[in-house]
Amino acid sequence: MIPLSLGNIEQISKGTLSHIAQSQADQLIIKSISTDSRKIDEDCLFIALAGERFDAHDFIADVKEKGAVAVLVNREIDVDCPQIIVKDTHLAMGEIAAHIRSLSHAKIVALTGSSGKTSVKEMTASILRHCGETLYTHGNLNNDIGVPLTLFRLTSEHRFAVIELGANHIGEIAYTVNMVKPDSALVNNLFSAHIEGFGSLEGIAQAKGEIFTHLKEQGTAIINLDSNDLPLWKHHLNARQTQWSFSLSAQGKADFYPSDITVKQFTTNFTLHTPEGCVDVTLPLPGRHNIANALAASALALSAGATLEDVRLGLSTLKAVPGRLYPVELTAGKMVLDDTYNANDGSMIAGLQVLSQLPGYKIFVAGDMAELGKDSEKCHRDVGRFAHNAGIDSVFTVGHHSHFISDENQGGQHFAFKADLLAQLIPLLQQHDVVSVLVKGSRSSAMEDIVNALKECF
Ligand code: ATP
Ligand code: MG
């Protein structure tokens, strides 16, 4: 973290001090901030958040014991520990994060989208690491708490930061991007993910477009031509900002596009075209959607100052992330693609495209896609039809909505329980010498249960 005095934090958060004199607060240097009572580092300020299930104000004595030098709370707590009292600790956290960001000289890039945020974030960080010290979002910490926690980790050493922004509702990205004030911003794509919270695809577009509302005056906006969404947020952009577009197909029209694509199982080679020239890229990940992700990541990284050689190196050293099209070889010839981390219609189709290119008998094992509201049946049926047209040999589903996927496939089978599904799946795997299986579903369907059972069995 970029160190701040407690007095300074009091000012930023418009709080009042308690259990410490102003002169002492001005001398007390805070070097880390935590909201997790189990993780208290040196010279740590603990911010007490009140959640639905528990209220961290109940743990103040505990965090003092663990070494927190001060706490930020929404009421005076009867513990002898320096305190800043604010109206709303959650909002104060955002104000402190925004201040820390304003002290950083790093080039900061922010990205959102329905799918591939974490993938693009990892790719961009992998490229920028070749240019200098790079901070990036841990895992999936992309919400109104994760984003400030990420910004707290900024140090004066960082030359770059890559920040993932997620949204469950309109206004969430407007809030987080106001802290991040990015030099470059990307909307990776638009699908029906979390449509329940937004009402419609237009609602999703509006929510994602918020990322451009706090783009730096001379920043770079990166837009996916294949999503055809520029008209939806053109009004957020100004003439001094650069607009870069990327596309898998619109050669010549887009600033970033691929050519000469060759695919070898889990590796993709292509020539990357950019406004700064071309470079041959080896991407150790499967799927056309990962080419699109690589175009987006290259645009973010080049806009922050990377060279084409950094791009080539950064992309070639990527590793698949567990749960995201992660190849698991059960035995020779029997391959499972573990894509169980999450799902929406776009990512299901992306996964099916990869499965359709894999060797042998092809099996799609799908759980529910959650949070699709009234579009649920249509989205599941679209995925089912795609599987049918892609020539998938067997489709097995489990859950409450996924039967719409198997319904669209002759010989598709739906199961009420995972154990019943496994009882059919395992013999089918044994029957075929060369077989490829895609396992996928929303987080709530926990389809990793299937992958784990298969690993135990083979
Ligand atoms: P979350 O909203 O959960 O944070 P995310 O946007 O960060 O998700 P990833 O974690 O990168 O996305 O990938 C999630 C799923 O989406 C994976 O199954 C992956 O295969 C698929 N996916 C990744 N990129 C794309 C893309 N560009 N288009 C469609 N599907 C994609
Ligand atoms: Mg993510």
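The values are calculated or read from the model by the stated rules, or taken from the named source; none is laboratory data. Note that this is a predicted model, so its numbers are computed, not measured. Here Cβ is always computed from backbone atoms with ideal geometry, including for glycine, and neighbour counts include all displayed protein chains. To get the accessible areas, we keep the full protein, side chains included, count just its heavy atoms, and leave off ligands, DNA and RNA. Shrake-Rupley method; radii C 1.70, N 1.55, O 1.52, S 1.80 Å.
For the range 170-227, run through the chymotrypsin sites (Phe, Trp or Tyr not before Pro) and keep only the ones in DSSP coil with at most 10 other Cβ atoms within 10 Å of their Cβ.
none
Where q = 0.11 Å⁻¹, what log10 of I(q)/I(0) comes from the Debye formula for the chain, counting one point per Cα? The Cα Debye sum returns log10 ratios of -0.93. The alpha-carbon of Lys87 sits under 16 angstrom from the alpha-carbons of these lysines, leaving out residues fewer than 8 places away in its chain: Lys14.
Given the -39500 (n - 2.57) contribution per DSSP H run of 4+ residues, what per-residue ellipticity at 222 nm results for the chain, rounded to the nearest 500 deg cm²/dmol?
That comes out to -10000 deg cm²/dmol.
Annotation: amide H of Tyr361 within the under-5 Å range of Val434, Val435, Ser436, sequence separation 5 or more or interchain, hydrogens built in the peptide plane.
Under the combined filter of DSSP loop state and at most 16 neighbouring Cβ atoms within 10 Å, the range 50-95 retains these GluC sites (Glu not before Pro): Glu52, Glu76. So, with a 1.4 angstrom probe, what is the percent of accessible area on the range 239-395 that is carbon and sulfur? Heavy-atom surface of the range 239-395 belonging to carbon and sulfur, 1.4 Å probe: 50 percent.
In the range 102-208, carbon and sulfur make up what percent of the accessible area (probe 1.4 Å)?
Summing carbon and sulfur atoms, their accessible area is 49 percent of the total for the range 102-208.
Hey, got the dipole for the range 1-99? About the Cα centre, +1 on K and R Cβ, -1 on D and E Cβ, debye to the nearest 20?
Working: 9 positive and 16 negative charges, 34 e Å.
Roughly 160 debye, rounded to the nearest 20.
Could you tell me the relative contact order of the range 1-127? Use alpha-carbon pairs under 8 Å, at least six residues apart, and round to a whole percent. Before the final figure, lay out the partial values.
Working: 194 pairs, mean separation 29.0, N = 127.
23 percent.
With a 1.4 Å probe and every protein chain left in place, work out the accessible area per residue of the chain in Å², rounded to a whole number. List each step's numbers first, then the result.
Details: 19210 Å² over 458 residues.
Per residue, the chain has an accessible area of 42 Å².
One chain, two ends: Thr262 and Asp36. Fully extended at 0.36 nm per residue, the span grows by 76.7 nm beyond their Cα-Cα distance. Solvent exposure of Thr317, expressed as accessible area, is near 80 Å², computed with a probe of 1.4 Å over the protein chains only.
An ellipsoid equivalent to the range 1-145, defined through the eigenvalues of its Cα gyration tensor, has semi-axes of 30, 18, 13 Å when rounded to whole angstrom and sorted largest first.
Using alpha carbons only, how many degrees (0 to 90, rounded to 10) separate the axis of helix 89-103 from the longest principal axis of the chain? Between the helix axis and the principal axis of the chain, the angle is about 90 degrees.
For the peptides 389-401, 342-354, the ranking by packing is 342-354, 389-401, with the highest mean count of neighbouring Cβ atoms within 10 Å listed first.
When the dipole is taken about the Cα centre of the chain, and only Lys, Arg (+1) and Asp, Glu (-1) are charged at their Cβ, what size is it in debye, to the nearest 20? Walk me through the intermediate numbers first.
Numbers: 37 positive and 52 negative charges, 171 e Å.
Here the size comes out at about 820 debye.
Overall, the range 169-229 carries a charge dipole of about 160 debye about its Cα centre when +1 sits on the Cβ of Lys and Arg and -1 on the Cβ of Asp and Glu, all other atoms neutral. Farthest toward the positive end of the dipole of the chain, out of Leu315, Tyr341, Val187, is the Cα of Leu315, where the dipole comes from beta carbon charges about the Cα centre.
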